[in-house]
Amino acid sequence: MAVVCSKADWFVASCSTALIAINLKQSREPFVFDCAKAEKKTSEADGDSKSAGEGSEEKDSGSDRILAFAVSASGKHVALTDDHKRLVLFCTEPSWQCISTRWVVRRCTSLVFTQAEDELFVADKSGDVYSFSVLEPQKPGELKLGHLSMLLDVTLSPDDKYIITADRDEKIRVSLRRSPYNIQAFCLEHREFVSALLVPAGHPDWLLSGSGDGTMKVWHYESGRRLHSVDLRQFTLDSENTDTEKRFAVSRIISSPDGKHIAVQCERLPSVQLFVVDSGTEGCLSPAETLALPHAPWDVTFDSQNQLWVLLETEDVNVLLYQYSEQHWKLCDSQTPELRRVTEALQAQWSTFTGSVGLESPFKHLYKVNFDNMASYLQKKQERLEQESRKRAAANGSKPNKRSKTDSSTVPQNTS
């Protein structure tokens, strides 16, 4: 699975074990970091991580595959975590440099920087959130909060007051960042795991959430009140041939920097749905356009110029760029300088991406499994009745016929 993010002048992509950073404004050599060649864990670090995890850590048999990465708001810091449980911190100015390599207790699912860029929050698959200092890059992480199930996303309010977490059990929790044991609110209306969170630009009191139930909801997260809900199945391009019961998850929700547009990507769907933020109505998103794509994209992101980038699984056309003009999203020419720069850089590193082409959805095993106990009961009951019927038929067939008291074969007496 490949992931992209654009902040400031940087277009950052990750796939397999590699992180690739491309400058959109300057013709510079892309920065490439390969986790397979990164620092290995020492026995001392291993002991520290086990003590932090209270001896419950799984066996360390990572594959160096990048699990998540995050870019700070200014684009000056980048962090990644991999399957080997590394947490690598970079600074991007004046040039890319690895600041530190620390170790997390369990494999992570999501990362987010504070707006002040002094702290990095890391959510892991066991439901815990750790805080790592950016200003003290060698300082170990500190446990902040925990859920009872796997965390799938974490984000922060624009003022860094709240930390918002989403888990596999349909819950969204809003906690105070400085004292996470104080829970401000829950947002509870999804029917499947919550896969994506976003506090959109220009609306610091809103929260957008996407789920495995195929819906996107808008919340006033401080009170936990739902403002709006959108069923994304209505926007599928081939609606006549689409099974309405087919499950799909929202894999990405992003906001343009100017706060006017929202883009939503759903797993396995060859399209991106665009919405316009209606500032006149509380929490209302108006459907704008559905961008038809040749096949399902890997990921999408907005850049600092409000342009939409779409990462595809094909080497020849590996990325598309859309620009909003005259009330429509229009595909940019392939010779656009920044598009050509990104395309050439990704093609040069395409060997990194080939192993992720055609992989199954990462959400496949997160759906709830429903058991129809009544159907199973009725089936067993029918089988039991048929078995008893066969036994009765066999028993009746084995009994001899009873003879009548007057034997019809007796020779009649002669009366003459």
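Brief remarks follow.
- Within the range 352-386, if we keep just the residues that are in contact (Cβ under 8 Å) with a residue 60 or more places away in the chain and in a helix (DSSP H, G or I), the residue that is farthest from Val250 (Cα to Cα) turns out to be Thr352.
- Here Glu39 meets each of (1) modelled with pLDDT under 95; (2) within 20 Å of Thr354 (Cβ to Cβ); (3) open to solvent by 10 Å² or more (accessible area, probe 1.4 Å) with one exception, condition (2).
- Any chance Gln335 is of a type outside the set (Asp, Glu), under 12 Å from Ile20 (Cβ atoms), modelled with pLDDT under 95 and out of contact with any strand residue (DSSP E or B) (no Cβ under 8 Å at 6 or more places or on another chain): no
- Those strands (runs of 3 or more DSSP E) lying entirely in the range 117-201 with at least 3 residues within 21 Å of the chain's Cα centre (by Cα): 119-124, 128-133, 151-156, 162-167, 172-176, 194-198
- Single residue of the range 280-322 satisfying the filter (of a type in the set (Val, Ile, Thr) and out of contact with any strand residue (DSSP E or B) (no Cβ under 9 Å at 6 or more places or on another chain)) that is least open to solvent (accessible area, probe 1.4 Å): Thr314
- Residue among Leu320, Leu285 that is over 17 Å from the mean Cα position of the chain (by Cα), modelled with pLDDT of 95 or more and part of a strand (DSSP E or B): Leu320
- If you go through the range 19-37 and keep only what is over 14 Å from Phe90 (Cα atoms) and not acidic (Asp, Glu), you end up with Ile22, Asn23, Leu24, Lys25, Gln26, Ser27, Arg28, Pro30, Ala36, Lys37.
- Residue within the range 65-77 that is open to solvent by less than 40 Å² (accessible area, probe 1.4 Å) and at positive phi present: yes
- Considered as a group, the residues in the range 348-363 that are of a type outside the set (S, T, N, Q) and surrounded by 12 or more Cβ atoms within 10 Å (Cβ to Cβ) include one that is farthest from the chain's Cα centre (by Cα), and that residue is Ala348.
The values are calculated or read from the model by the stated rules, or taken from the named source; none is laboratory data. Please read these numbers as outputs of a predicted model, since none were measured by experiment. Don't worry about glycine lacking a Cβ; one is built from the backbone with ideal geometry, like all the others, and counts go over all protein chains shown. The area values use the complete protein model at the heavy-atom level, side chains included, leaving out ligands, DNA and RNA. Shrake-Rupley method; radii C 1.70, N 1.55, O 1.52, S 1.80 Å.
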